[in-house]
Every structure is written in structure tokens, then in C-alpha cells.
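Report on the structure given below.
We did not get these values from a lab; they are worked out from the coordinates using the rules stated. Bear in mind that the values here come from a model prediction, so they are computed numbers and not experimental data. Here the Cβ positions follow ideal geometry from the backbone for every residue, glycine too, while neighbour counts run over all protein chains shown.
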Amino acid sequence: MHILDWNDVRFFLEVVHSGSVSRAAQHLGVNQTTVSRRISALEDHLGKQLFDRSGHSWVITPVGEKLVSSAETMADEADTIERHVMADSQELSGQLCVTVGGITTQHLVMPALRVFTQRYPNVDLKIIPTQDDLDLAAREADIAVRLTDEPPLNLVGKRIGQLAYSIYGTQEILKEVETNRDNCDVPCITWVGDGHTRALWIERSFSKTRRVYRTSEMGVMLQMVKHGTGIAQIPCVLGDPDPSLHRIPARYIESGWSLWVLSHVDLRTTARVRLFKELLVEELEKQKDLIEGRLGAVA
């Protein structure tokens, strides 16, 4: 059986308390046709007639009288819920501190930040971009957006998905790779201090290359690729939306970490923390295909 529509019950109670459909319509700010339609919908749902209709006069039936007590209980419960929501909304002020990692996570959270600040302008939002894992237990931050496969046990949150990577370059480099697929000497860009003389994706996919450039910043790497300096393994989040970048065919691409939205277990019921987490998760899940690399195709 379908759950009763609270709005239909509310219209029923208003007719009972007002004594007529016309007065009920005035109190509810709608026309009489809407009131009649709502009452008919409730009667259809219950399979019982709640009013005897005779012209403009509506007389409650015995079944309708029995329903009044339960309907008023529903109304009281609805009022209680509304009071809780209103009391909760009073917490929607003060500071909310969010820590995000590098350029990839910063790029992903921006849509949620825009929506949240529009909905809750009284919250003082503080964004800390850092690769360091701030201590949420010590209140260094309220919420963390992290790339990790092992979130700390004292944090609760939601795993959005696994960050996908691909190899990117300009259109000119793509043509060069396709022309010299078996003997490609395209320059490669990787990380400073990555622990390898040549990164695994370079060794397995572009072993003929003689030029390897290194940087410690994803933003610098991205700009180097955009300017045609070479190719690099870059998150699809950054590479796929950029029309100047193209996926370069590769035999091997390293896997990425999981993307998590986390908060300390003691803060999960705080209104501003809960609402921001819910909104952030919702906005990130809209981008899941992009995060997991399903929007782009290797040329």
C-alpha cells in the first residue's frame, strides 16, 4: 500500500476545521477545485468516502470522523519535525573548515562550494588547500576531501569512486605518437622524487623516449602538457574537459586512489557539517563518470 500523501491529509483537516471547502481554500491559499481534488485523491487512496457532498455542502461521514484523530496526530508529528528542522537551521552559522588536496580535488569541489554558499550565506566557509592530512580530531578542519585507499578509522564518510588517469598531450603530439607508434621518442613529464628513474607508465608505454622532464606540481605539469612540452599521466578530471588536450594511446596507465569525503565521527550530526557533506557528496556523484574516466575515449 502506498504511503499517504501528507498534503492530502492536510487539506482534509482544513476542511474539517474550517467547516467548508471555500473557507479551507482561503486558509490554504488555493482555489476550491484544488481542495476538492486533494480530498478526492485521499478518498481514492483509502477506498472510502470521507464527506457526503450535496451541492456546496460537505458533511463528514462516520469514516471521516474516525480519520480525524489520526490525521491530527500526523499534523502534530509534522509540526514536531518542522520545529526540529528550524532548531537545526539555527546551527547554520559560524565557521565551517574544509580541507582539500591538490588541484584535482580543488577542481572537483568548486561546484559544491558555489551551491553551498548560495544556500547558506551565514556559514563562514574556510577552505584550506593542502596535501597534508590535517587532524580532524583536533579540529584543524571539519571536513576533508582526500585521495586515499585507507581513510583513518576515527573518520566517517563516503567513498565517491576511484580517480582515473590517462596520458594526455596536444593534437600535434597525438599525431606524432600515432605516426611513430613503434618507435616513439615523445618527451615525457613526470614527478620529482617519484622513486623511479623512469616512471612505470613511461617504461611500459614509451620506452623509446630519451627526454624525461620532472615537476613537483600538478598545475605546472598540466601547463607543460598544454604548451606541447611533452606528455604526462594526468587525472581525467583535469584532462578530459580541456579541449586542448587529447588522450594518448598507452599500453599501461597507473591506477589512482579513491576519492573520499570525510569528517570526524563526533561531528557527523552537526547541522552545517552534515548538510555540507550531503551536498558535497551529491555534487561529486554527479561527476562520477568524469572522476572514473568514462567520459573521454582514447583517440
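With the simple model of a label 7 Å out from the Cα in the direction of the Cβ, ARG251 to SER207 spans 0.5 nm. The HN-Hα couplings worked out from phi for the stretch 114-121 by the Karplus form 6.51 cos²θ - 1.76 cosθ + 1.60 (θ = phi - 60°) are 5, 5, 5, 5, 6, 7, 10, x Hz, whole numbers, x standing for Gly and Pro.
Evaluate E = 1/(1 + (r/R0)^6) for THR117 and SER244, where r is the Cβ-Cβ distance and R0 equals 30 Å; express this FRET efficiency to the nearest 0.05. Working shown, then result.
Values: r = 30 Å, r/R0 = 1.00.
After rounding, the FRET efficiency stands at 0.50.
What full-extension length gain, to one decimal in nm, is calculated for ASP5 and THR34 as 0.36 nm per residue of separation minus the Cα-Cα distance? Mind showing how you got there, number by number?
Numbers: separation 29, 0.36 × 29 = 10.44 nm, distance 1.45 nm.
Roughly 9.0 nm would be gained on extension.
Taking the chain as a Gaussian network of alpha-carbon nodes connected by springs under 10 Å, the highest mean-square fluctuation of the residues PRO249, PRO111, PRO62 belongs to PRO62. Using just its DSSP H runs of length 4 or more, each adding -39500 (n - 2.57), the chain gives a mean residue ellipticity at 222 nm of -13500 deg cm²/dmol after division by all residues.
May I ask you to derive the FRET efficiency for VAL156 and THR61 from their Cβ-Cβ distance with R0 = 45 Å, giving the value to the nearest 0.05?
Details: r = 51 Å, r/R0 = 1.13.
Given R0 = 45 Å and the Cβ-Cβ separation, E is 0.30.
Full extension of the chain segment joining GLU172 with VAL281 gains 35.5 nm, where the gain is 0.36 nm per residue of separation less the Cα-Cα distance. Cross-link reach is defined here as a Cα-Cα straight distance under 17 Å, omitting same-chain residues fewer than 8 places apart; for LYS288 the lysines meeting it are LYS158, LYS277.
Straight-line reach from LYS66: taking Cα to Cα under 19 Å and skipping same-chain neighbours fewer than 8 places apart, the lysines in range are LYS48. Here the simple spin-label model places points 7 Å from the Cα toward Cβ, and for ARG181 and GLN49 these points are separated by 7.8 nm. Near the amide H of ILE231, within less than 5 Å, lie the amide hydrogens of CYS188, ILE189, all on another chain or at least 5 residues away, with H placed in the peptide plane. Between the C-alpha center of the stretch 20-52 and that of the stretch 218-278 there is a gap of 53 Å.
Placing pseudo-labels 7 Å out from each Cα toward the beta carbon at ARG23 and ASP149 gives an inter-label distance of 7.0 nm.
In summary, the lysines within cross-link reach of LYS175, defined as a Cα separation below 18 angstrom excluding same-chain residues under 8 places away, comprise LYS208, LYS226.
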